[in-house]
Amino acid sequence: MVAIADIGFVLSYKVETISYACREMMAMGKPVMVSNFAGLPENVDDGNDGWIVNTSEINSISNILQEINTNSLKIFSKKARKKALEKFNIEQKNQNLFNIYEDILKN
C-alpha cells in the first residue's frame with residue numbers, strides 16, 4: 001500500500017512514540033505528514049521533507065494537501081529518502097553505538 005502512495009500519514013493524537021512507520025515511509029521516498037504529537041515532529045523538517053500539522057486540525061491537513069503539486073512532491077520525496085538514509089540508517093546507528101562502547105572501554 002505504501003509503495004503506491006505519493007505521501008505518508010502519521011496523524012496520531014493519543015498514543016505515539018517517534019514512529020518507525022514514518023521513518024520507513026521516508027526510506028521509501030515518501031514525504032510524510034505528521035501531527036505535532038509526542039515525538040512525531042522529530043522525523044520531518046516541516047516544509048522540506050514532510051509536513052507537521054496541528055493535532056486534529058482538519059483544515060491544516062486540507063490546506064497542505066491542496067498546495068502539493070508534482071514538482072514539490074518530487075523534491076520532497078528525494079529529501080525524505082536522503083534524510084532517511086543519512087539520519088535513520090540502522091547500520092550507522094549501530095556503528096555509532098559501537099564506537100561509544102569502544103571509547104568507554106579504552107578509558
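The values are calculated or read from the model by the stated rules, or taken from the named source; none is laboratory data. A quick note: this is a predicted structure, and the numbers were derived from the prediction, not measured. Using ideal geometry, Cβ is built from the backbone for each residue, glycine included, and neighbour counts are taken over all protein chains shown.
Quick test for you: out of LYS79, LYS30, pick the one residue that is modelled with pLDDT of 95 or more and either exposed (fewer than 15 other Cβ atoms within 10 Å of the Cβ) or in a loop (DSSP other than H, G, I, E, B) (or both). Can you show your working first?
Details: LYS79 fails: either exposed (fewer than 15 other Cβ atoms within 10 Å of the Cβ) or in a loop (DSSP other than H, G, I, E, B) (or both).
After applying the criteria, what remains is LYS30.
Mind listing just one residue for me: the one in the range 44-72 that is loosely packed, with under 14 Cβ neighbours inside 10 Å and among the aliphatic types (A, V, I, L, M) and, of those, nearest to ALA27 (Cα to Cα)?
Residue satisfying both the conditions and the ranking: LEU65.
So, in the range 57-76, how many residues would count as being closer than 17 Å to VAL34 by Cβ and not in a helix (DSSP H, G or I)?
Residues that pass the stated criteria total 2.
Pairs needed: first member in the range 4-31, over 21 Å from ILE75 (Cβ atoms); second member anywhere, among the basic types (Lys, Arg) and not in a loop (DSSP other than H, G, I, E, B); C-beta distance under 9 Å; at least 6 residues apart or different chains.
none
Within the range 82-101, track down each residue that is modelled with pLDDT under 90, exposed (fewer than 15 other Cβ atoms within 10 Å of the Cβ) and either aromatic (Phe, Trp, Tyr) or assigned to a loop (DSSP other than H, G, I, E, B) (or both).
ASN89
Can you name the number of the only condition in (1) surrounded by 12 or more Cβ atoms within 10 Å (Cβ to Cβ); (2) farther than 19 Å from SER12 by Cβ that PRO41 fails?
In the conditions (1) surrounded by 12 or more Cβ atoms within 10 Å (Cβ to Cβ); (2) farther than 19 Å from SER12 by Cβ, PRO41 misses (2) alone.
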